[in-house]
Every structure is written in structure tokens, then in C-alpha cells.
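The values are calculated or read from the model by the stated rules, or taken from the named source; none is laboratory data. Predicted model, so just to flag it, every value in this text is computed and none were measured. Positions of Cβ are backbone-derived with ideal geometry, glycine not excepted, and every protein chain shown enters the neighbour counts. For the accessible areas, the whole protein counts, side chains as well, though only heavy atoms, and no ligand, DNA or RNA atoms are used. Shrake-Rupley method; radii C 1.70, N 1.55, O 1.52, S 1.80 Å.
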Amino acid sequence: MRERQITLDETDWKILETLQDNARSTFTEIGQIVGLTAPAVRERIRRMEDEELIAGYRPVINYNVLGRPLHALISLKYKSASRAAERSEFSQLGLFKDIPGVLRSWLVTGDTECVIEAVTATMKELDAILVELNRLGFLTVTYMVLEDTGERSCRKL
């Protein structure tokens, strides 16, 4: 199924960028940035929400404050070629939900089946995640995030 496509002008892109910088910005604040009235900004944002371009508003959590400074991306590949065909487990994306420290997962193409994001307080906790993934039948490659560049802003495509 092909997604519907909408066209954005420069002002729409600037509104999106502003919302990604701070989703709690008021319509008045955004209007001052983009040169529109608050009602005009509200209408543009509602249109983007109705078109499902804006799919939600979420907090950006600083896991360091929660005592979880280790941030890892882990690529997963099935140990057995016969298991690689069983991608239906990933369809539900519930395979990893009960593993403490796992934040999210992505199905990907290439030489790996999936990539997961995890945060932990210690290397011992990270090792426990890797042991569990191994028990589930995966080979893992772990990438430690050294620094989050904070690049979350929208760029005009």
C-alpha cells in the first residue's frame, strides 16, 4: 500500500523544525518564528496532523538522569539460516519487549535482521541483554553510543 503524499512549503518545514526542537512551543511562539498568526499556525499543524504527517508528540528522555549512561545499538543476525526465514516474530516487535533496558527495535535490510536500542546502568546489565539475545538465537554486534549529537531536527527533503 502506497502512503499518500502531501506537499509542504517553506513555512510548513520551518513549523516542523520548530516543533522538533520543542514540541511544547505555543502557536504564538511558532508564529513569531515563521511570521504567521497563532490561528494560522494552528491550522497548518492541524492539517499536518490530519494528514498523519505529524504522528505524535513524545518526550525526549535523558537516560543519564535515570542512572543509565550506557547507550548501545545492537545489530542482530540469526545464528541459524533456517531461523532467518522466521521474520514473523519481528512482525509483532514483541520479541524484545520483556528484556530490561531495550528501548526499541527496527527491522532492517542488509546482513542483519534487526537493530535494537538499549540503555543500561552498567556493562554487566548490557552483558545480560547480550546473553539473552544469544539465548534467543542471535549473533550480536554491539555499537556503544559515545555521544548523542542531538540531531533530531527536520530538514527539508
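Applying the criterion of being assigned to a strand (DSSP E or B) and open to solvent by 40 Å² or more (accessible area, probe 1.4 Å) to the residues of region 91-121, the residue that is farthest from L146 (Cα to Cα) is L107. Inspect all residues belonging to region 16-28 and state whether any of them is within 30 Å of T120 (Cβ to Cβ), over 20 Å from the mean Cα position of the chain (by Cα) and at pLDDT below 95. Checked against the condition, which is being within 30 Å of T120 (Cβ to Cβ), over 20 Å from the mean Cα position of the chain (by Cα) and at pLDDT below 95, region 16-28 yields no hits at all.
Can you name the number of the only condition in (1) over 20 Å from L107 (Cα atoms); (2) within 19 Å of the chain's Cα centre (by Cα); (3) modelled with pLDDT of 95 or more that R58 fails? Status for R58: all satisfied but (3). Filtering region 22-68 to residues that are closer than 16 Å to G150 by Cα and either among the small types (G, A, S) or surrounded by 14 or more Cβ atoms within 10 Å (Cβ to Cβ) (or both) leaves A23, Y63. For beta carbons closer than 7 Å, sequence separation of 6+ or different chains, a first residue in region 39-52 that is farther than 19 Å from R24 by Cβ and a second that is at pLDDT below 95 and part of a helix (DSSP H, G or I), there are no qualifying pairs.
For beta carbons closer than 8 Å, sequence separation of 6+ or different chains, a first residue in region 130-157 that is at positive phi and a second that is at pLDDT below 90 and open to solvent by less than 70 Å² (accessible area, probe 1.4 Å), the qualifying pairs are G137/Y78; G137/S80; G137/R83.
For region 87-99, the condition holds for at least one residue, the condition being that it is modelled with pLDDT of 90 or more and more than 15 Å from the chain's Cα centre (by Cα).
Among residues of region 1-28 that are farther than 11 Å from L53 by Cβ, those with a Cβ under 6 angstrom from a residue that is modelled with pLDDT of 95 or more and open to solvent by 50 Å² or more (accessible area, probe 1.4 Å), sequence gap 6+ or separate chain, pair up as T18/I33; F27/R42.
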